[in-house]
Amino acid sequence: MGTETAEGRAARGTRTGHGTTDCAEALMRRTDPEGHGPVRYGPPLPGQGLPVLPALGSVLAAAAGPADAEPCGGGPELLAAACGYWNRRGLPATADLVAAAPGAPALLLALTGALGGDVLVPRPCAAWWEPQARLLGRSVFHVATPAECGGVPDPYALLETVRRIRTEGGDPRLVVLSVADDPTATVAPPELVHETVEAAAGEGLHVVSDETWRDTLHRAHDTVLLSPAEMLPDRVTVLTDLAGPFLPQGWPAAVARFPDNEPGARLRSQVLDVLTVLGARVAEPVAAAAAYALGEPEAVTERLTAAVRLHADVARAAHRAVVGAGALARPPQAGRHLYVDLGPFRTALGAHGVGDAQDLEDFLTARLGMPAPGGHRFGDDLAALRVRLGTGPLLGTTDEERAECLTAPSPLELPHVQQALTLLGSTFDDLRDDAQRWESPR
């Protein structure tokens, strides 16, 4: 019997019920009612772990009088700020091609509903992508990614998956990808993005590019990030959740940029219809803070630069700790997280009762005292022992400790950061030692 490809398994396995996989269904059966199901426990974006920028707090407080909501899709000031943000990044935008919502999930839900059909996503992918499609009854198909990065499907795997879906009577219309990725913290090389976007266009797919993390590159001068919208402006909608670079997670705001053509205008109109039905409007105080942040005044850019540098330093230290112990992880290139494969410790983890990603999530969350969502939350195989670790929890437990990280010349030498990194390293070292004891004598 031949070996089935990963994309073949995706095309076969996800057309059950409303697009959920057999593994996901099994997971839902085994979880308790306390909120650890795939949808009820959707791990949020990796948090900043830092106090709110005072200038942002002042803007929000000043706009908090009426405490009203923006017009559906965003008010003039917020849309103008979003246009300026994208124009400075080489993506021309006008207010009639932009929309805002209280968080990227609402925008993706509206986009998925407007476009219809089946959805393709990379494996793994951001935890909030698949539930949007599942809620609408869409089938979701995970596509393998290349070895060097996550976030963007391998173009050949994408074509094969589209072929299989259509052979089985499906209707693929949308592919969601991220050039700067959650959960893998990698940045896709431009040549891969180009090949994948061309493959998607050749199959008539619309591309949603989640660019939430594009402004958090760890080595901005050494990393080339190319938006799919620069390559194929007629078929790409760009999505940015401002909780990535600018805002606290408790201030939900996101913006979308649509193609500058008739289908793009029609898609925006349909998205606004869905947002209106949902009542998904940004609160005016949050919109004021979002517009201020998108304008990128000096206070905002200085904080962003300092925060990115801090999280990059901590991410590199965490990466050294887990890889030094024998786990597997790609070097983090963006964001506030890293994605770790503990497959080399499977036997040792088995002795602790850990047999899959849910068990691993529970085990590491208890050991580390911080969230460690398993790879199954991101569409990865339940049997694979992978987790996403955030850097925010390693910055301290109080606002004072976290603020000190921003101003310290050597934040990794702060006692509370050292303590958190030591706990992380010792946890993985213990697993390495356990694994060595379980090895068969030569």
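The values are calculated or read from the model by the stated rules, or taken from the named source; none is laboratory data. Owing to the predicted nature of the structure, the values given are computational and were not obtained by experimental measurement. Using ideal geometry, Cβ is built from the backbone for each residue, glycine included, and neighbour counts are taken over all protein chains shown.
Before moving on, here are some points about what is shown:
- Residue in the range 256-280 that is surrounded by the fewest Cβ atoms within 10 Å (Cβ to Cβ), counting only those that are more than 22 Å from the chain's Cα centre (by Cα) and assigned to a loop (DSSP other than H, G, I, E, B): GLY279
- Only one entry in ARG166, ARG134, ARG138 is among the charged types (D, E, K, R) and outside any helix (DSSP H, G or I), namely ARG138.
- Residues in the range 208-250 that are over 15 Å from VAL152 (Cα atoms), assigned to a loop (DSSP other than H, G, I, E, B) and within 17 Å of the chain's Cα centre (by Cα): HIS218, LEU242, ALA243, GLY244, PRO245, PHE246, LEU247, PRO248, GLN249, GLY250.
- Reported count of residues in the range 308-327, each being over 17 Å from ASP222 (Cα atoms), among the hydrophobic types (A, V, I, L, M, F, W, C) and in contact with a helix residue (DSSP H, G or I) (Cβ under 7 Å, 6 or more places away or on another chain), is 8.
- Residue match in the range 412-419 (condition: surrounded by 14 or more Cβ atoms within 10 Å (Cβ to Cβ), under 12 Å from VAL314 (Cβ atoms) and touching a residue at least 60 places away in the same chain (Cβ under 8 Å)): yes
- Unmet requirement for ALA283, which otherwise passes all of (1) touching a helix residue (DSSP H, G or I) at 6+ places or on another chain (Cβ under 9 Å); (2) closer than 30 Å to ALA61 by Cβ: (1)
- Residue identified as crowded, with 17+ Cβ neighbours inside 10 Å, under 17 Å from LEU239 (Cβ atoms), of a type in the set (Gly, Ala, Ser) and not assigned by TED's automatic domain parsing to the domain that holds ASP380 among ALA80, ALA133: ALA133
- Flag if ALA127 is at positive phi and in contact (Cβ under 8 Å) with a residue 40 or more places away in the chain: no
- Scanning the range 101-126 for residues being in contact with a helix residue (DSSP H, G or I) (Cβ under 8 Å, 6 or more places away or on another chain), among the aliphatic types (A, V, I, L, M) and under 27 Å from PRO285 (Cβ atoms) gives a total of 8.
- Residue match in the range 76-91 (condition: among the polar types (S, T, N, Q) and in contact with a Pro (Cβ under 7 Å, 6 or more places away or on another chain)): no
- Within the range 136-155, being crowded, with 21+ Cβ neighbours inside 10 Å and under 15 Å from VAL271 (Cβ atoms) holds for no residue.
- For ALA435, the conditions (1) modelled with pLDDT of 95 or more; (2) buried (at least 19 other Cβ atoms within 10 Å of the Cβ) all hold with the exception of (1).
- Close pairs from the range 220-240: first surrounded by fewer than 19 Cβ atoms within 10 Å (Cβ to Cβ), partner assigned to a strand (DSSP E or B), Cβ under 6 Å, at least 6 apart: THR223/VAL187; THR223/LEU217
- So GLU160, is it free of Cβ contacts under 8 Å to residues at least 24 places away in the same chain, part of a helix (DSSP H, G or I) and either of a type outside the set (Lys, Arg) or not assigned by TED's automatic domain parsing to the domain that holds LEU120 (or both): no
- All positions within the range 184-207 that are in a loop (DSSP other than H, G, I, E, B) and either assigned by TED's automatic domain parsing to the domain that holds ALA306 or within 23 Å of GLY117 (Cβ to Cβ) (or both): GLU203, GLY204, LEU205
- Qualifying residue in the range 98-116 (condition: part of a loop (DSSP other than H, G, I, E, B), in contact (Cβ under 8 Å) with a residue 12 or more places away in the chain and within 15 Å of the chain's Cα centre (by Cα)): yes
- Between PRO153, PRO146, the distinction of being closer than 18 Å to ALA201 by Cβ, part of a loop (DSSP other than H, G, I, E, B) and at pLDDT 95 or above belongs to PRO153 only.
- Criterion: closer than 24 Å to VAL314 by Cβ, in contact with a strand residue (DSSP E or B) (Cβ under 6 Å, 6 or more places away or on another chain) and outside the structural domain of ARG330 (by TED's automatic domain parsing) - qualifying residue of ARG219, ARG214: ARG214
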